[in-house]
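Student: Next up is a structure, given as structure tokens.
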Amino acid sequence: MESLIIEETKYTPKISMDAASGVIEMSGKSYPENTFDFYAPVMKWLEDYFTTTNKIVINMEIIYFNSSSSKLFFDFFDLCDEKRDTHDIEINWIYDADNENAEEAGEDFIEDFEFLRINLVVKK
């Protein structure tokens, strides 16, 4: 399976999905014009990757996102939640100590997905 790399733009995060290591990283802002079209290859890659391994580490450092991105992240975590019984999934929600909105978003995802291992990580 190939890795997936999407470069950061003014409106979209950098996304690195490493097939060899099982590490997924998203960083930056997320408010693309058409969120679901933009993230379609990400969701497809994740679905396919779940068939090849049982360990995934997801590092998300999203400093700002709009409501449609929030819905997409919910779907992303929902897919992870469906696989949690058969896969070792660790999610690190990384935020700057000064970004209360990002911290609260991470707390909300923890509440919504109580059985996923989501760690709040303050950026150093």
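Student: Would you mind telling me which numbered condition in (1) out of contact with any helix residue (DSSP H, G or I) (no Cβ under 8 Å at 6 or more places or on another chain); (2) within 23 Å of Ser3 (Cα to Cα); (3) part of a loop (DSSP other than H, G, I, E, B) Asp85 fails?
Tutor: (2)
Student: Of Lys71, Lys55, which residue is of a type outside the set (Ser, Thr, Tyr) and either more than 22 Å from Ser27 (Cβ to Cβ) or in contact with a Gly (Cβ under 7 Å, 6 or more places away or on another chain) (or both)? Spell out how you get there, then give the answer.
Tutor: Working: Lys71 fails: either more than 22 Å from Ser27 (Cβ to Cβ) or in contact with a Gly (Cβ under 7 Å, 6 or more places away or on another chain) (or both).
After ruling out the rest, the residue left standing is Lys55.
Student: To continue, here is another question. Could you check the stretch 30-50 and list, in sequence order, the residues that are farther than 19 Å from Phe77 by Cβ and not in a helix (DSSP H, G or I)?
Tutor: Scanning the stretch 30-50 gives Glu33, Asn34.
All of the numbers you see were taken from the coordinates with simple rules; none came from a lab. Remember, it's a predicted structure, so these values are computed and weren't measured experimentally. Glycine also receives a Cβ, built like all others from the backbone with ideal geometry; neighbour counts cover every protein chain displayed.
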